[in-house]
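One structure is given below, encoded as structure tokens.
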Amino acid sequence: MSNFKRYDKYKDSGIEWIGEIPEGWEIKKLKTIGRLYSGNGFKEDMQGRTEGDYPFYKVSDINGEGKFATISSNYVNKADVKNNKWNIIPENSILFPKIGEALKKNHRKINICKCLIDNNMAALKADESLINFNYLYYLFCCINAEWFVNPGAVPSINNNNLKNSNIILPSKNEQISIANFLDQKTAEIDDLIADKEKLIELLQEKRQAVITEAVTKGLNPNVKMKDSGIEWIGKIPEGWEVIPLKRIFKIINGGTPNSSEESYWNGEIVWITPNDLSELTEIYIRDSERKITEDGINNCSAKIVPKDSIIISTRAPIGYIAIAAVDLCTNQGCKSLVPVSEINSKFFYYFILSIDFYLNVLGQGTTFMELSNNNLSMVELLKPPLDEQISIANFLDQKTAEIDSLVSEIQEQIQKLKEYRQSLIFEAVTGKIDVRDYAAIS
């Protein structure tokens with residue numbers, strides 16, 4: 001923050017997380033500068049209306065970026081409010097989660113109109129004779145909800161602790177200057193982040209295009225081509241075959257041991273679930289969040305498959321994929337593709353990755369989508385000669401690594417921008433930097 005000057009004189013705030021503040025600033029209890037509102041019970045049969053007098057916000061509506069709550073999945077009418085004796089939240093209040101894992105994410109939004117909130121949320125309305133709601137929003141973004149949670153298995157905010165917490169209060173004019181400064185600066189940072197996120201999207205699209213081109217057209221641009229008979233693939237190299245998956249792989253289903261039998265769990269056998277695949281950042285999978293014992297695998301439908309098998313999630317969601325780096329088994333949300341002849345598993349990993357959209361089309365189900373053995377077995381794969389499989393896999397290893405490295409660099413830049421954004425908010429709202437002149441000339 002060396003680009004910004006400091007105030008002339010400081011004093012100790014007596015608040016550990018704030019430290020020193022400008023000499024003229026005050027310390028106030030939160031309850032003296034605003035009012036806390038509780039949420040309302042929201043019956044399921046009343047949810048889902050897209051029109052009404054008031055938006056009814058749920059925690060999911062205040063996730064994500066942005067300062068204001070503008071979109072709601074639910075609306076209610078004045079009669080509903082009266083009949084249910086619901087609390088109406090005044091406009092320009094700060095909405096935030098108050099229970100469960102959501103509160104740890106510290107999402108905050110300002111409502112731009114009167115609204116209602118469900119009972120997993122709370123709202124803080126500023127006394128605007130004392131504090132500017134925009135300044136309070138930024139100050140509240142520096143307050144960690146976990147400081148005020150009740151003890152217990154499910155975290156929840158203790159309202160009394162929150163109300164009695166100390167906050168700092170600059171003059172009203174300073175509050176407005178600080179809020180205006182942060183509106184401008186955070187918008188600039190958010191624009192930079194959005195540009196970088198768009199660049200990541202373009203790089204990921206390019207990555208997918210490179211994979212698709214290589215696994216369907218090969219690496220030799222001068223090779224003689226033939227019609228594949230598959231509409232969305234078109235022409236393929238003349239020496240390649242189109243073969244149903246069942247002629248290249250044996251499909252092995254997964255299973256889950258009885259969860260209440262302790263002797264089945266915490267063993268040495270890697271047991272893959274869709275969640276393990278979803279969190280993977282490389283091609284190979286060698287470990288799992290949970291492992292099972294010999295007794296466990298002997299008492300369920302899971303089977304050990306050899307390394308180099310392709311593991312794919314086929315249930316909620318479809319299409320996460322990896323190559324087994326060790327012998328392992330899976331739960332019923334995954335299927336293992338065990339080669340029945342000499343192939344390069346990595347080539348087929350890339351090919352199956354390129355047809356994720358098609359696998360999802362084949363999924364069936366009402367409660368959740370699942371890809372059946374029958375549908376998976378009939379998926380048509382392209383099979384180049386083995387030497388070409390190896391060459392294509394090596395080429396894609398290099399090209400995807402280059403793109404992944406760029407994406408990783410940009411993600412680091414985004415993270416630094418987000419950290420700078422939060423640091424700038426903290427420095428401004430706590431008076432570590434003096435932005436009054438900056439705000440006046442901007």
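The values are calculated or read from the model by the stated rules, or taken from the named source; none is laboratory data. All values reported here derive from a predicted model rather than from experimental measurement. Ideal geometry is used to build each Cβ from the backbone, glycine not excepted, and the neighbour counts take in all protein chains shown. Surface accessibility is based on the protein's heavy atoms, side chains included, excluding ligands, DNA and RNA. Shrake-Rupley method; radii C 1.70, N 1.55, O 1.52, S 1.80 Å.
Every residue in segment 75-110 that is assigned to a helix (DSSP H, G or I) and either out of contact with any Pro (no Cβ under 9 Å at 6 or more places or on another chain) or charged (D, E, K, R) (or both), please. Working first, answer last.
From segment 75-110, those assigned to a helix (DSSP H, G or I) are 78-84, 101-105; that's our starting set.
Passing the criteria: Lys78, Ala79, Asp80, Val81, Lys82, Asn83, Asn84, Glu101, Ala102, Lys104, Lys105.
Asn159 fails exactly one of the following numbered conditions: (1) modelled with pLDDT of 95 or more; (2) open to solvent by 50 Å² or more (accessible area, probe 1.4 Å); (3) closer than 18 Å to Leu95 by Cβ. What is the number of that condition?
(1)
Go through (1) open to solvent by 10 Å² or more (accessible area, probe 1.4 Å); (2) within 26 Å of the chain's Cα centre (by Cα); (3) modelled with pLDDT of 95 or more one by one and return the number of the condition Glu279 breaks.
Evaluating Glu279 over (1) open to solvent by 10 Å² or more (accessible area, probe 1.4 Å); (2) within 26 Å of the chain's Cα centre (by Cα); (3) modelled with pLDDT of 95 or more leaves (3) as the failure.
Looking at segment 96-123 only, could you name the residues that are more than 18 Å from Asp183 (Cβ to Cβ), touching a Cys at 6+ places or on another chain (Cβ under 9 Å) and surrounded by fewer than 24 Cβ atoms within 10 Å (Cβ to Cβ)?
First, pick out the residues of segment 96-123 that are more than 18 Å from Asp183 (Cβ to Cβ): 96-107, 113-123.
Narrowing further to those that are touching a Cys at 6+ places or on another chain (Cβ under 9 Å): 106, 123.
Asn106, the sole residue that qualifies.
Search segment 415-429 for residues that are over 17 Å from Asp191 (Cα atoms) and pair each with any residue that is outside any helix (DSSP H, G or I) and of a type outside the set (A, V, I, L, M) when their beta-carbon atoms are under 8 Å apart and the residues are at least 6 apart or on different chains.
Correct list of pairs: Phe426/Cys142; Phe426/Lys432; Glu427/Phe4; Val429/Cys142.
Residues checked against (1) over 22 Å from the mean Cα position of the chain (by Cα); (2) of a type in the set (A, V, I, L, M); (3) outside any helix (DSSP H, G or I):
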| position | (1), (2), (3) |
| --- | --- |
| Glu201 | no, no, no |
| Ile211 | yes, yes, no |
| Val223 | yes, yes, yes |
| Asn258 | yes, no, yes |
| Glu268 | yes, no, yes |
| Trp271 | yes, no, yes |
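Kindly evaluate Gly34 against the criterion of being under 27 Å from Gln175 (Cα atoms), surrounded by 13 or more Cβ atoms within 10 Å (Cβ to Cβ), of a type outside the set (Phe, Trp, Tyr) and in contact (Cβ under 8 Å) with a residue 60 or more places away in the chain. Quick ask: steps written out before the conclusion?
Numbers: under 27 Å from Gln175 (Cα atoms): yes; surrounded by 13 or more Cβ atoms within 10 Å (Cβ to Cβ): yes; of a type outside the set (Phe, Trp, Tyr): yes; in contact (Cβ under 8 Å) with a residue 60 or more places away in the chain: yes.
Criteria met by Gly34.
With respect to Asn40, determine if the residue is in contact with a His (Cβ under 6 Å, 6 or more places away or on another chain) and within 23 Å of Ala145 (Cβ to Cβ). Step through it out loud before you land on a result.
Details: in contact with a His (Cβ under 6 Å, 6 or more places away or on another chain): no; within 23 Å of Ala145 (Cβ to Cβ): yes.
No, not satisfied.
Scanning segment 356-388 for residues that are touching a helix residue (DSSP H, G or I) at 6+ places or on another chain (Cβ under 6 Å) and among the polar types (S, T, N, Q), which turns out nearest to Leu219 (Cα to Cα)?
Ser377
If you scan segment 302-324, which residues turn out to be open to solvent by 30 Å² or more (accessible area, probe 1.4 Å) and in a loop (DSSP other than H, G, I, E, B)?
Of the residues in segment 302-324, the ones open to solvent by 30 Å² or more (accessible area, probe 1.4 Å) are 303-304, 306-308, 315-317, 320.
Across segment 302-324, the qualifying residues are Lys303, Ile304, Pro306, Lys307, Asp308, Ala316, Pro317.
Quick check on segment 124-147. Is at least one of its residues assigned to a strand (DSSP E or B) and open to solvent by less than 30 Å² (accessible area, probe 1.4 Å)? Write out each step before concluding.
The first filter runs over segment 124-147 and keeps only residues assigned to a strand (DSSP E or B), leaving 124-126.
The next check asks that each one be open to solvent by less than 30 Å² (accessible area, probe 1.4 Å); those that pass are 124, 126.
Yes, segment 124-147 contains a residue that is assigned to a strand (DSSP E or B) and open to solvent by less than 30 Å² (accessible area, probe 1.4 Å).
Please verify whether Asp287 is over 30 Å from the mean Cα position of the chain (by Cα) and open to solvent by 10 Å² or more (accessible area, probe 1.4 Å), treating the condition exactly as stated.
Numbers: over 30 Å from the mean Cα position of the chain (by Cα): no; open to solvent by 10 Å² or more (accessible area, probe 1.4 Å): yes.
It is false that Asp287 is over 30 Å from the mean Cα position of the chain (by Cα) and open to solvent by 10 Å² or more (accessible area, probe 1.4 Å).
Suppose we filter segment 171-181 for residues that are surrounded by 15 or more Cβ atoms within 10 Å (Cβ to Cβ) and in contact with a Lys or Arg (Cβ under 9 Å, 6 or more places away or on another chain); how many remain? Give the steps one after another, and end with the answer.
Step one: filter segment 171-181 for residues surrounded by 15 or more Cβ atoms within 10 Å (Cβ to Cβ), giving 174-181.
If we keep only those that are in contact with a Lys or Arg (Cβ under 9 Å, 6 or more places away or on another chain) too, we end up with 174, 177-178, 181.
Residues in segment 171-181 being surrounded by 15 or more Cβ atoms within 10 Å (Cβ to Cβ) and in contact with a Lys or Arg (Cβ under 9 Å, 6 or more places away or on another chain): 4 in total.
Please go through segment 244-268 and pick out each residue that is hydrophobic (A, V, I, L, M, F, W, C), open to solvent by less than 10 Å² (accessible area, probe 1.4 Å) and over 13 Å from Leu376 (Cβ atoms).
None; the set is empty.
Testing Pro237 on (1) under 33 Å from the mean Cα position of the chain (by Cα); (2) open to solvent by less than 30 Å² (accessible area, probe 1.4 Å), one condition comes back false. Which one is that?
(1)
State all residues of segment 375-430 that are loosely packed, with under 14 Cβ neighbours inside 10 Å and hydrophobic (A, V, I, L, M, F, W, C); if no residue qualifies, say none.
If the condition is that a residue be loosely packed, with under 14 Cβ neighbours inside 10 Å and hydrophobic (A, V, I, L, M, F, W, C), then Met378, Leu386, Ala401 are the ones that fit.
Could you please give the count of residues in segment 37-67 that are open to solvent by 70 Å² or more (accessible area, probe 1.4 Å) and part of a helix (DSSP H, G or I)?
Result for segment 37-67: 3.
Only one of these conditions is not met by Ser72: (1) crowded, with 19+ Cβ neighbours inside 10 Å; (2) outside any loop (DSSP other than H, G, I, E, B); (3) among the small types (Gly, Ala, Ser). Which number is it?
So the condition that Ser72 fails would be (2).
One line per residue, one yes/no per condition, for (1) in contact (Cβ under 8 Å) with a residue 24 or more places away in the chain; (2) at positive phi; (3) not in a strand (DSSP E or B):
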{"site": "Ser177", "(1), (2), (3)": "yes, no, yes"}
{"site": "Leu182", "(1), (2), (3)": "yes, no, yes"}
{"site": "Glu188", "(1), (2), (3)": "no, no, yes"}
{"site": "Ile193", "(1), (2), (3)": "yes, no, yes"}
{"site": "Gln204", "(1), (2), (3)": "yes, no, yes"}
{"site": "Gln208", "(1), (2), (3)": "yes, no, yes"}
{"site": "Ile233", "(1), (2), (3)": "yes, no, yes"}
{"site": "Ile236", "(1), (2), (3)": "yes, no, no"}
{"site": "Lys250", "(1), (2), (3)": "yes, no, no"}
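Here are the criteria: (1) assigned to a loop (DSSP other than H, G, I, E, B); (2) in contact with a helix residue (DSSP H, G or I) (Cβ under 8 Å, 6 or more places away or on another chain); (3) under 26 Å from Gln184 (Cβ atoms). Tell me which single one Ile18 does not satisfy.
It is condition (2) that Ile18 fails.
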